[in-house]
1. Does residue B:249 fit the bill of being in contact with a Lys or Arg (Cβ under 9 Å, 6 or more places away or on another chain), more than 10 Å from chain A (Cβ to nearest Cβ) and farther than 24 Å from residue B:92 by Cα?
2. For the list (1) within 16 Å of ligand 1 (Cβ to nearest atom); (2) on the phi > 0 side of the Ramachandran plot, I need the number of the one condition that residue A:128 fails.
3. In region B:167-192, how many are part of a loop (DSSP other than H, G, I, E, B) and away from chain A (no Cβ under 14 Å)?
4. Would region B:198-205 turn up any residue that is more than 14 Å from ligand 1 (Cβ to nearest atom), open to solvent by 10 Å² or more (accessible area, probe 1.4 Å) and not in a helix (DSSP H, G or I)?
5. Considering only region B:98-147, how many residues are more than 14 Å from chain A (Cβ to nearest Cβ), assigned to a helix (DSSP H, G or I), out of contact with any helix residue (DSSP H, G or I) (no Cβ under 9 Å at 6 or more places or on another chain) and open to solvent by 40 Å² or more (accessible area, probe 1.4 Å)?
6. If you go through region A:48-57 one residue at a time, do you hit one that is touching a residue at least 24 places away in the same chain (Cβ under 8 Å), outside the structural domain of residue A:115 (by TED's automatic domain parsing) and in a loop (DSSP other than H, G, I, E, B)?
7. Residue check, residue A:59 against (1) surrounded by fewer than 23 Cβ atoms within 10 Å (Cβ to Cβ); (2) within 10 Å of chain B (Cβ to nearest Cβ); (3) touching a helix residue (DSSP H, G or I) at 6+ places or on another chain (Cβ under 7 Å), all met but one. Which one?
8. Give me a count of the residues in region B:33-66 that are at negative phi and crowded, with 20+ Cβ neighbours inside 10 Å.
Amino acid sequence: MSDYAKIISPYKDLPGGIIEAYHALQNKYNYIPEDAIAVAADMFDISLSQAYGVATFYSYFKIGPRGRYVIRICESAPCHVAGADDVIAALEKELGISMGETTEDGKFTLEFAECVGQCQGTPVITINSQPYVNVEPEKVGEILAACK
Amino acid sequence: MAEEVRIVLRNYGKIDPLNIDDYINAGGYKGLEKARSMSQEAVIEEVRKSGLRGRGGAGFNAGTKWKFSYRAVADEKYVVCNADEGEPGTYKDRIIMENDPQSVLEGMAICGYAIGSRKGYIYCRGEYPYVVDILNQAIAQAKEKGILGDFDIEVRMGAGAYVCGEESALIESIEGHRGSPRFKPPYPPAEGLWQKPTIVNNVETFANIPIIMEKGSDWYAGIGAKSYPGTKIMTLTGDVVNRTFIEIPTDVTIRQVIYDFGGGIREGKKFKAVQIGGTSGGFIPESLLDTSIDFDSMGAIGATLGSGAVFVMDETRDLVDVTERISKFFEHESCGKCAPCREGTKRMHEMMTRLNAGQGKADDLEQIEQLGSVMSRACLCGLGQAAPSPVLTTLEHFRNEYMEKLG
Ligand SMILES: Cc1cc2nc3c(=O)[nH]c(=O)nc-3n(C[C@H](O)[C@H](O)[C@H](O)COP(=O)(O)O)c2cc1C
Ligand code: FES
């Protein structure tokens, strides 16, 4: 069995389990490898287009490579007025990339997100799903330095 | 000064959420025990009489909904807890699940008993993997104790689609499909998950159930506003001093929420607007702040209670800019199934961008109002129907801000 099949197969008999399988893939790789979609289609006995359709519908899933640290910045209204734009500018400057891009060494990816449910501490970012609240632009360097 | 009343959050900070014995020692699972000593009809009647209405935004009487599924004849029925919590500015369901997960499981088990279901799902948003861990631990503990009887609960994760909070889209997602809403009828209580009768209730709704069973419907119906009794958890964001969550009786006013609990506006500035219920809610001006937060009073002023998010903006905020940001959210989150929403959210965002950039014409204001009015009627689900609300209410109450930006 391929690595992908090994990750997907525990969900094979779970009704509607393809989304759980995609989560498992993304947990392992930080993204969904494109070839894994064909394996999923096969295992869940659906067409390739259906398997793609599911993977591309959900913004939490990303097909194809991204950095080891995925940084998502909440731009929903409460974070927006709390200065999310300044945090974005600081991150872009520090990493030398724009939103949506990955650093050349494959370490960091910057993505927009909508509210991640930590609005007691706006503005909010998440790094590999872990929230950081009350983020100040001046603190961005420190936060990044902690990502080894 | 108004005071908090903690019913849903009765165990907040008092128990170890990951220790079921703590929950039981605090009186937990008495409601389920009592329910099981009653007939199914009697349980449903008790819930119905309490007046508890859905806390997920639509405000439907919970007992009445349960009755539809109870009456439906089927070999399998499902109980689904909506923990998708995607409405920006909202984190109340997370607070409940992180601090008292057993209360949600107990509420679901009572529902399961009442409608005759042995299987429950919690659909938790993908942004909360740490909450999923808590829920799974709580379920494992309840199973080990055998306290749920033959009722099984499984957690499923969402994956970052706001529309999946809509109950029929949520059901599609549990089934492993793209999360597009279904045409209704049939409604989920008759035909939901895998075409079986399905009750979808919000986390906060379920967390209310055990205590209603324990203390009775009369007790509950006597709290807060008559037509929408009980408490509501509100989450305060934006320019308030206290950015925090509160649980308050439903007859508290918006002004009390902002000033008594929120501590007023930051840095001594003046209030300009508040948007309640999340990003799909209406904007409310100073003149309407003495409205009570209950579902019907909010509806009467053209606003919503929604998820209970309270987003406060001070006098310096540019409402056209905030509304443009919100219109981008809806364009992004529209699932694309129906044309009025797919095209409407896109055009609305386009026009808002133009207006915000100072390139709008007076014509645009009329067109955007017309588009909004069509969308609120013609869109398939609540996403598209509510999407124009921030635009329309800012145009109604704060039109001068748009006028000042016209090109
Ligand atoms: C676009 C959209 C998003 C929604 N998001 C949520 C949500 O995140 N949580 C929720 O409980 N209800 C949400 N709802 C409402 C649900 O469709 C449904 O009414 C609710 O889960 C029923 O539970 P209740 O009666 O306990 O409120 C949403 C509705 C729409 C149209
Ligand atoms: S609004 Fe940014 S985390 Fe909720």
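1. On the way: in contact with a Lys or Arg (Cβ under 9 Å, 6 or more places away or on another chain): yes; more than 10 Å from chain A (Cβ to nearest Cβ): yes; farther than 24 Å from residue B:92 by Cα: no.
For residue B:249, the condition - in contact with a Lys or Arg (Cβ under 9 Å, 6 or more places away or on another chain), more than 10 Å from chain A (Cβ to nearest Cβ) and farther than 24 Å from residue B:92 by Cα - is not met.
2. Here residue A:128 meets the rest and fails (1).
3. Residues flagged as part of a loop (DSSP other than H, G, I, E, B) and away from chain A (no Cβ under 14 Å) within region B:167-192 amount to 10.
4. Within region B:198-205, the subset more than 14 Å from ligand 1 (Cβ to nearest atom) is none.
The answer is no; no qualifying residue exists.
5. Result for region B:98-147: 2.
6. no
7. (3)
8. Result for region B:33-66: 14.
The values are calculated or read from the model by the stated rules, or taken from the named source; none is laboratory data. Bear in mind that the values here come from a model prediction, so they are computed numbers and not experimental data. For neighbour counting, all protein chains shown are included, and Cβ atoms are generated from backbone atoms with ideal geometry for every residue, glycine included. Note: accessible area is taken over every heavy atom of the protein model, side chains too, but ligands, DNA and RNA are not part of it. Shrake-Rupley method; radii C 1.70, N 1.55, O 1.52, S 1.80 Å.
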